[in-house]
Amino acid sequence: MKTASSIARAMQSFVIEGGRPLSGTVRASGNKNGALPILAACVLASGEVRLSNMPRIRDVETMVELLVDLGAEAAWTGANELSVDPTGVNKSNLDPVLAREIRASFLLAGPLLARFGHVTVPPPGGDVIGRRRLDTHIHAFQELGVEVELNGAYDMRTDGLRGKRLYLDEASVMGTENAIMAAVLAEGRTCVGHAACEPHIQDLCRFLVALGAQIEGIGSNVLHIDGVDELSGGAYRVGPEHVEVASFAALAAATGGDLTIEDVEPDDLIAIVPAFRKLGIEMEVAERSVRVAEGQELHVIDDLGGQIPKIESGVWPAFPADLTSIALAVATQATGTVLIFEKMFENRLFFVDKLVSMGARIILCDPHRAVVTGPAQLYGQRLESPDIRAGMAMLIAALCAEGTSTIGNVGQIDRGYERIDERLRDLGAVIERTEL
């Protein structure tokens, strides 16, 4: 079952006239994948938490609804400012309808276990991009003293979380975040080995430290957490969204525009800049901004000996999996051949038939690999967005295409990109949101 708001957004479409360069200045939004665990972690606080630079996107709104359903008070105090008072949280079972709206609902398991010693979490929702296992979360909880029963939902209980040396069976982003949030109030010291260390995990750790948590090793794959008795309230600014920064850079390069993206964190682009350079995209990175200048000729840079290069995803600091769809769309406009290798999710690339219908030259080798040869003249088509990042890839293709494209199910895009149609119009795009 879906909420009324999600059904309404699913009925909306974008109508796009292609062939216009995107130029101007845009500010990066707050990191979606940082905002969601930070919101979940508010349950651990003993007082009001004031958050700024919060992305006003559907996934964030759903997480806020989950918090309110648990008894918290939450209010938007500005365009991107949110106040959360968790002191009234009085239950530990999540609303199943809301929980199935977003995968991040499972992030409330760690904080609720730490606060109440028990939690019931329905299977989470999220993008259908392949198997997304929860084993890492469950194994970490069990090591910290949690008993887990699976009976249509995850029913978890503990008589007290106790710090322990953990080694995660995979560097799962959400698994790491849940382990961190459970450990900050656990008795004793917890060592989390093989931890994921993406920018949004670092942001969660810094937020918890701002409330009084003791965490060492932030930014590495080994974290040491000394449990404390209580976390305070406080104020925190969510870091910028590096995936959105890269998405706008891709949009500018593919359409031949001149775009400056402000409020960026250069360290978060460490794996993105060299990968995009393989497609001929030059990103001028300054202290707090990135510029993609006009007149760039997108050209695939071959490996030594003239071999076909590849852009492959991996755990941080490798190229982010959330950007493989975007890189693939740009590759359709670059001269040459490149292999896109999505290692993590077996359904991530299954949208490429939509780009092929527009004229792209793509061979889907298997669920994880696609060979793209460009440049291809794309033509407007009627499309349907299956997930957040595929939706952005379709937007890139539509903005490059000759003629009119219609993208349905844009609620998927809204889950990850704030007011994307409005912001694109400000940059010169011809795009309208319509009701089906």
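Observations, loosely collected:
- Considering the range 143-156, and only residues there that are open to solvent by 90 Å² or more (accessible area, probe 1.4 Å) and at pLDDT 90 or above, the residue that is farthest from residue 189 (Cα to Cα) turns out to be 149.
- Test: residue in the range 70-79 that is assigned to a helix (DSSP H, G or I), more than 30 Å from residue 254 (Cα to Cα) and open to solvent by less than 30 Å² (accessible area, probe 1.4 Å): yes
- Selection of the range 204-221 for residues being of a type outside the set (Ser, Thr, Tyr) and without any contact (Cβ under 8 Å) to a residue 40 or more places away in the chain yields 205, 206, 209, 210, 212, 213, 214, 215, 216, 217, 218, 219.
- Under the condition of being surrounded by fewer than 19 Cβ atoms within 10 Å (Cβ to Cβ) and among the charged types (D, E, K, R), the residues counted in the range 350-395 number 6.
- Subset of the range 316-349 that is over 16 Å from the mean Cα position of the chain (by Cα) and small (Gly, Ala, Ser) - its residue that is most open to solvent (accessible area, probe 1.4 Å): 336
- Residue 422 being without any contact (Cβ under 8 Å) to a residue 60 or more places away in the chain, among the acidic types (Asp, Glu), open to solvent by 10 Å² or more (accessible area, probe 1.4 Å) and closer than 23 Å to residue 26 by Cα: yes
- Which listed residue is over 19 Å from the mean Cα position of the chain (by Cα) and either open to solvent by less than 10 Å² (accessible area, probe 1.4 Å) or over 15 Å from residue 82 (Cβ atoms) (or both), from 19, 30: 19
The values are calculated or read from the model by the stated rules, or taken from the named source; none is laboratory data. Model, not experiment: these values are computed from the prediction. Neighbour counts run over all protein chains shown; Cβ positions are idealised from the backbone, glycine included. Remember, those area values only see protein heavy atoms, side chains included, never the ligands or the DNA or RNA. Shrake-Rupley method; radii C 1.70, N 1.55, O 1.52, S 1.80 Å.
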